[in-house]
Amino acid sequence: MKLFVDSADVGELKALAASGLVDGVTTNPSLIAKQGGVFLETIAQICALVDGPVSAEVASTDYATMVKEGERLAAIAANVVVKLPLTWDGLKAAQAFSRSGIKTNVTLCFSAVQAMMAAKAGATYISPFVGRLDDHGAEGMGLIADIRAIYDQYGFSTEILAASIRSTAHVREAALSGADCATIPPSVFKGLLAHPLTERGLQQFTADWTASGQTILG
Ligand code: G3P
């Protein structure tokens, strides 16, 4: 499964990318606004940090302006993915970008039928918001499994990008439910390797090795 980081914090992304395990980055208008930098410059900086896809979201909601904004974003770097809202105009823009070979990430997906429509529009990625569905009293991860079943049944190639991920457990469940990718906030990404038995075991191994008095490198 591909792991993306959901952030517009260039410093934080640089540190995480150094792990060699970041496959891509997603941003959204709220993350950009929180960071405070100039949008187009921030996206250019992020694209230089990672080889994989970097989602940059349009700000308008009408088809014609979304296409213009998406073209401007796609011109920043070859790895930009244009993020579009799951609306009629957004899916019309997804079809236009699909025809011109520009990758898209259709966002704000909360139902399997929405995901099917995005796939029919030729979206490269669909972003179901797992955490926000959970917050809303639904079972977010069930949506990932439903979309997987529909996409497999009809041979849609749109990749399922589990979004609004809140925990390591969410990452596990997304992987088990058939997501192709998950986009993960930096705080959750940093915790992916944490396990008390790993820490305790390593402490014990190190102590026992030190007591043995041996060295590997002489
Ligand atoms: O970027 C889309 C999604 O990951 C947002 O997550 O935590 O704001 O629901 P969240």
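Points worth noting:
- Neighbours of residue 99, meaning other residues whose beta-carbon lies under 15 angstrom from its beta-carbon, give a summed charge of +2 when Lys and Arg score +1 and Asp and Glu score -1.
- Subtracting the Cα-Cα distance of residue 149 and residue 211 from their residue separation scaled by 0.36 nm leaves 16.9 nm.
- Under the span-like rule (Cα at least 18 Å along the axis, Kyte-Doolittle mean at least 0.0), DSSP H helices of the chain: 140-154
- Solvent-accessible surface (1.4 angstrom probe) belonging to residue 148, in square angstrom, nearest 10: 40
- Largest first, the residues 132, 200, 99 sort by 1.4 Å accessible area into 99, 200, 132.
- Fully extended contour minus Cα-Cα distance, from residue 19 to residue 87, at 0.36 nm per residue: 20.9 nm
- Applying 1/(1 + (r/R0)^6) with r as the Cβ-Cβ distance of residue 134 and residue 44 and R0 = 35 angstrom yields a FRET efficiency of 0.55.
- Contour excess over end-to-end distance, with Cα ends at residue 77 and residue 60 and 0.36 nm allotted per residue: 4.0 nm
- In the calculated pair-distance distribution of the stretch 1-130, the portion above 26 angstrom amounts to 16 percent of the Cα-Cα pairs.
- When the chain is treated as a GNM with alpha-carbon contacts under 10 Å, the residue of 162, 18, 182 showing the greatest mean-square fluctuation is 18.
- Distance from the C-alpha centroid of the stretch 204-218 to that of the stretch 80-120: 55 Å, rounded to the whole angstrom.
- Within the chain, percent of DSSP bridges classed antiparallel, to nearest 5: 0
- Modelled spin-label separation between residue 30 and residue 120, with each label point placed 7 Å from Cα along the Cα-to-Cβ direction: 2.9 nm.
- Listed residues 215, 87 arranged by accessible area, highest first, probe 1.4 Å: 215, 87
- For the chain, carbon and sulfur atoms together expose 56% of the accessible surface, with a 1.4 angstrom probe and every protein chain in place.
- Using a probe of 1.4 Å on the protein chains alone, the accessible area found for residue 152 is around 100 Å².
- Among 150, 214, 140 the positive-end extreme of the charge dipole of the chain (Cβ point charges): 150
The values are calculated or read from the model by the stated rules, or taken from the named source; none is laboratory data. Computed from a predicted structure; not experimentally measured. Here the Cβ is made from the backbone with ideal geometry for all residues, glycine too, and neighbour counts use every protein chain on show. Heavy atoms of the whole protein, side chains included, go into the accessibility calculation; ligands, DNA and RNA do not. Shrake-Rupley method; radii C 1.70, N 1.55, O 1.52, S 1.80 Å.
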